[in-house]
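The structure appears right after this line, and notes come after that.
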């Protein structure tokens, strides 16, 4: 954050600071609290959970009770513990996917928007073509090609997701490039890289930041979907999508699928709350994916 | 307008070529020998079987040759033969298309009807408790994992309450209606089979609601926002000042203009529906393209995976084109360039 306030024109700093927290009210607070709780759970869970997520701890297929809040699954494992444990897969996976996609998208978008010409044309056609696929289908095809597993699913998700940010950033860079202060930077003989890095990028990243927050929930969903199909995390790992698959095979023991589903719902809803608030506050257009 | 259309159409082949190329690259990503999934591990030691399979799938030639072979086949509409069903992928896709279309249209119908209704309600009761509930319900739709919601609804309405049928397009053991359109609801009506029509319709309710709920979320949010925009316009103030009933102001004046932007998201909705359909079909054993894609990628049936992915890409491109054109036709103020 410090880098940003250094490079922005001084007069805009207080405005930016006020803006930074203006979005935080109503549902957004709920969202932030829920996300913080999940992150805390993911970080500290091994310290206080009484059950092992991979070991049988009771009779098989027991309904919810005082000792097992969400019952046990077909192997006698505690469903509640496993549902909490799922955050330790989904949250880091989604974070890595979003960050990688943002980095790739930023580089591509910045290059395309700043240099224009054939480079822009070539990069943007790649973006168009990648975005021509429904994301889940392309992610499924890539994961199937690379071989099922959570690592390959992550690669597939990054490949599917970066074009959104490239497109967003490019549009922003093109708009900022024409501002007068950029022109004056050219006039005093600043180098291209300096102008791009210090004068254009800091003024262009907001839509990417807002959209990536909103997308976090969607990526959590996509991870679960790929795992549910059997292309992401595999059983016995306590991943939400994989757990719902187990719930589907034990259809009448509703609690096995209910717990991970509620976990996904809470995370996605929380990120949607925060993303909505950010979007309204920064007046950013929603990316169409 | 015509020039814009021509330009868009001229770019289409380039994009289609790109789509096909991306899919070709994806299909060659696999570090595993694709032969294994074709002929099975036990046959790998049999040189005759291996050679025959290689020749049949073009695996004995270099990558560029394979690429041209693949493109040539594609231009002839030949998507190859599925490893698992042993049928041509194109006819597999063709057989399963109606099931998916029936489901998506039903979901789109539910989503648009309830989405517009909820959006209008939320906008008219802006910032009241009704507005908050409507918006939360909509947000829930776009946050729910569709495959999980399907499972839970099946459990409640089929297993517990028994008021709706279980998975599938028809009751188990009942024959399909004679093929006319492939839409069971329409075909059964055309055959005058009323009981089959109600069965098909009942089977549609749960999967289409699961899928449509997400659409409700997207549509209602958009309708609410654009209706609020219209409310601040002068023509609405004039209409209100003239003493028109609020319902008339909303339904015959503001809503018409507010619905225009909804057209722009048809392409987005389509992508959403495809994504949702893939997993919803799996949960409801719906014999459409989504469950075909899931089964194919699970079994590493590459020709089938490729076929579905290409079809998805092409359909997506076409919907986006149609969306843009529709929007231009609906709103003469838009000048496409």
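Worth pointing out:
- Filter result for residue B:263 (in a helix (DSSP H, G or I) and either more than 15 Å from residue B:311 (Cβ to Cβ) or away from every other protein chain (no Cβ under 11 Å) (or both)): yes
- From the options B:144, B:79, B:103, residue that is surrounded by 13 or more Cβ atoms within 10 Å (Cβ to Cβ) and at pLDDT 90 or above: B:103
- Failed condition for residue B:326, given (1) in a loop (DSSP other than H, G, I, E, B); (2) more than 11 Å from chain A (Cβ to nearest Cβ); (3) in contact (Cβ under 8 Å) with a residue 12 or more places away in the chain: (1)
- Test: residue in segment B:152-174 that is away from every other protein chain (no Cβ under 13 Å) and touching a residue at least 60 places away in the same chain (Cβ under 8 Å): yes
- The numbered conditions (1) in a helix (DSSP H, G or I); (2) more than 9 Å from chain A (Cβ to nearest Cβ) are all true for residue B:316 except (2).
- Among the residues listed as B:305, B:278, the single one being over 11 Å from the mean Cα position of the chain (by Cα), in a helix (DSSP H, G or I) and at the interface with another protein chain (Cβ under 7 Å from one of its Cβ atoms): B:305
- Tally of residues being surrounded by 20 or more Cβ atoms within 10 Å (Cβ to Cβ) and without any contact (Cβ under 8 Å) to a residue 12 or more places away in the chain across segment B:211-244: 0
- Checked across segment B:220-239, the condition of being part of a helix (DSSP H, G or I), within 10 Å of chain A (Cβ to nearest Cβ), within 17 Å of the chain's Cα centre (by Cα) and within 30 Å of residue B:154 (Cα to Cα) holds for no residue.
- Test: residue in segment A:222-243 that is over 24 Å from residue A:96 (Cβ atoms), in a helix (DSSP H, G or I) and modelled with pLDDT under 90: no
- Residue within segment B:118-133 that is more than 23 Å from the chain's Cα centre (by Cα), part of a loop (DSSP other than H, G, I, E, B) and within 23 Å of residue B:94 (Cβ to Cβ) present: no
- Residues of segment B:103-142 satisfying the condition of being within 12 Å of chain A (Cβ to nearest Cβ) and free of Cβ contacts under 8 Å to residues at least 60 places away in the same chain: B:127, B:132, B:136
- Matching residues, segment B:10-22, being more than 7 Å from chain A (Cβ to nearest Cβ) and either without any contact (Cβ under 8 Å) to a residue 40 or more places away in the chain or within 25 Å of residue B:301 (Cα to Cα) (or both): B:10, B:11, B:13, B:14, B:16, B:17, B:20, B:21
- Any pair with Cβ under 7 angstrom, 6 or more apart, that starts in segment A:154-169 at a residue that is free of Cβ contacts under 8 Å to residues at least 24 places away in the same chain and ends at one that is assigned to a helix (DSSP H, G or I): A:155/A:146
- Enumeration of residues in segment A:34-58 that are in contact (Cβ under 8 Å) with a residue 40 or more places away in the chain and either exposed (fewer than 12 other Cβ atoms within 10 Å of the Cβ) or under 17 Å from the mean Cα position of the chain (by Cα) (or both): A:34, A:35, A:38, A:39, A:42
- Meets criteria (buried (at least 19 other Cβ atoms within 10 Å of the Cβ) and either under 16 Å from the mean Cα position of the chain (by Cα) or over 23 Å from residue A:162 (Cβ atoms) (or both)) for residue A:273: yes
- None of A:252, A:199 is without any contact (Cβ under 8 Å) to a residue 40 or more places away in the chain and surrounded by fewer than 24 Cβ atoms within 10 Å (Cβ to Cβ) except A:252.
- Considering (1) free of Cβ contacts under 8 Å to residues at least 60 places away in the same chain; (2) farther than 18 Å from residue A:48 by Cβ, the lone condition that residue A:78 does not fulfil carries the number (2).
- Scanning segment B:6-48 for residues that are over 16 Å from residue B:305 (Cα atoms) and at pLDDT 75 or above yields a total of 16.
The values are calculated or read from the model by the stated rules, or taken from the named source; none is laboratory data. Note that the structure is predicted; figures quoted are calculated from it, not measured. Cβ: placed from backbone, ideal geometry, glycine included. Neighbour counts: every protein chain shown.
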